[in-house]
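First comes the structure, then the notes that go with it.
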Amino acid sequence: MSLPSVLVVGAGAMGSSAAHELARRGHAVTVLEQHDLLHARGSSHGSSRIVRLVYDDRFYVRLAMRARPLWDRLQDGTDLEVFRRTGSVDHGPRWLLEPFVAALEAEDVAHELLTPSDAARRWPGLRFDDTVLFQPDGGVAHPDNTLSILQRGAAEHGAELRPRTRVTAVEETAGGMRVVTGDGVLNADHVVLAAGVWSHRLADLPDDVATQVQPAHFAAVDPRATWPTFIHRRVGADGRAVPEAYGLPSPHGIKVGFHGGGVVVDPDRHDVPVVAAEIDDLRAYVTDWVPGVVPSSLAAGTCLYGGLAEDDFVIDRIGRLTVATGFSGHGFKFVPLVGAMIADLVAGTTTPEHRFTVSAHRDNL
């Protein structure tokens, strides 16, 4: 019995991972991407993303533990840098870190609590808050290289990749799936919809608000210094938690940003200028907390977020349609695992995680 043919809509991180895994398993796969491959108009471009095991939710700790060895496997198969282990640091008031420590302990994940002075001796480029949590298995993924490897692997297994092919409709028919593009109509047994913030335009999904966030890269004072990935879990003047600051080493310097927030944009335009006030806030933050960078060297960038940063993802199957969306903010670390999860749903060998179903998201609205 032949495996179902699959049209994958979207060649970002999750679509490329799904295409690679489906093609590897023997499916006839065609990937439709509205922009060029490796474009910078979505959420999957650039040279650095944090890979971590540290969550305050045991569900995501377990998920991250399943994904983490897949990064090593992906790296072992290429000379390109796809993943580099650096260890991960979270720091902030003890009461904010305690749920993360509890989740790691419950799942028997290696970790270490440090004093700010001990942490500063290890990583002099950072100034640390009250309590420091170190987890040794975290690191940095390279998005552009990751997508290159996944897309190349998909093609080597027979997948056809069609850039600059915009999908305008996805429909289920009596005999399969029908996809309408600007170039005509395509048919397949199954569709994987992984179009990021555009997905809700093509299927009955909760609305996904696109926001432009703007991390920045800074030059390191000492280019030879070692850096972990870091998340600063902060409180404001009123003692309440405020958006975290994060950072990580990248080929372009030390990348620093604020988690969440941003400016609501139309993803089809994505031409909103950098917001000067947010850049000023970033420069002020690194002046206070990241002594290992040169504040005046700030080079601003932008990235498109879909949904809220800590929302659950959507990885669900509805009939002959499998949907994978809502990953912006913390999804990239799961890229190699999500491809396998999607392929299992297409094959019908598993059921969706309830938290990742469309119905669960609607219940939470």
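Mind telling me which of Ala40, Ala103, Ala276 comes out most flexible in a GNM of the chain, alpha-carbon contacts under 10 Å?
In the Gaussian network model the winner is Ala276.
Taking square-rooted eigenvalues a ≥ b ≥ c of the alpha carbon gyration tensor, is segment 20-61 rounded, prolate or oblate, where a/c under 1.5 means rounded and, failing that, a/b exceeding b/c means prolate? Mind dumping the intermediate values first?
Values: a/c = 3.12, a/b = 1.40, b/c = 2.23.
Since a/c reaches 1.5 but b/c is at least a/b, the shape of segment 20-61 is classed as oblate.
Residues with beta-carbon under 13 Å from that of Ala106, excluding Ala106: net charge, scoring Lys, Arg +1 and Asp, Glu -1?
On the way: positive: Arg58, Arg62; negative: Asp56, Asp57, Glu98, Glu105, Glu107, Asp108.
Summing Lys and Arg as +1 and Asp and Glu as -1 gives -4.
Once you wrap a convex hull around the alpha carbon atoms of segment 1-70, what is its projected area averaged over all directions, in nm²?
Projected area, direction-averaged: 6.5 nm².
Using alpha-carbon pairs under 8 Å, 6+ residues apart, how would you state the relative contact order of the chain in percent? Working shown, then result.
Details: 815 pairs, mean separation 85.1, N = 365.
Across the chain, relative contact order equals 23 percent.
For the chain, what is the convex hull (Cα atoms) projected area averaged across all directions, in square nanometres?
Details: hull surface 73.5 nm².
In nm², the orientation-averaged hull projection of the chain is 18.4.
Excluding Ala360 itself, calculate the net charge of residues whose Cβ lies under 13 Å from the Cβ of Ala360, where each Lys or Arg counts +1 and each Asp or Glu counts -1. Can you show the working numbers first?
On the way: positive: Arg355, Arg362; negative: Asp311, Asp312, Asp316, Glu353, Asp363.
With Lys, Arg at +1 and Asp, Glu at -1, the net is -3.
Counting only other residues whose beta carbon sits under 12 Å from that of Val185, what net charge do I get with K and R as +1, D and E as -1?
Numbers: positive: Arg178; negative: Glu171, Asp183.
Residues near Val185 contribute -1 overall.
What residue among Val140, Val293, Val192 has the largest mean-square fluctuation in a Gaussian network model of the chain, using Cα springs under 10 Å?
Checking each option, the largest mean-square fluctuation is seen for Val293.
For the chain, give the share of DSSP beta bridges that are antiparallel, in percent and rounded to the nearest 5; count only bridges with both residues there. All intermediate terms of the calculation are to be shown ahead of the outcome.
Numbers: 52 of 70 bridges.
The answer is about 75 percent antiparallel.
May I ask you to list the GluC sites (Glu not before Pro) in segment 270-355 that are in a DSSP loop and have at most 15 other Cβ atoms within 10 Å of their Cβ?
Numbers: sites: Glu278, Glu310, Glu353; in loops: Glu310, Glu353.
Of the GluC sites (Glu not before Pro), the ones in loops of segment 270-355 whose Cβ has at most 15 other Cβ atoms within 10 Å are Glu310, Glu353.
Springs between alpha-carbon pairs under 10 angstrom, Gaussian network model over the chain: which of Ala216, Ala106, Ala13 fluctuates most?
Ala106
Please calculate how many Å² of accessible area segment 242-365 carries per residue, with a 1.4 Å probe and no DNA, RNA or ligand atoms counted.
Working: 5200 Å² over 124 residues.
Ligands and nucleic acids excluded, the figure is 42 Å² per residue.
The values are calculated or read from the model by the stated rules, or taken from the named source; none is laboratory data. Keep in mind that what you see is a predicted model, and the values were worked out from it rather than measured. Quick reminder, even Gly has a Cβ in these numbers, built from the backbone with ideal geometry, and neighbours come from all protein chains shown. With ligands, DNA and RNA removed, areas are computed over all heavy atoms of the protein, side chains included. Shrake-Rupley method; radii C 1.70, N 1.55, O 1.52, S 1.80 Å.
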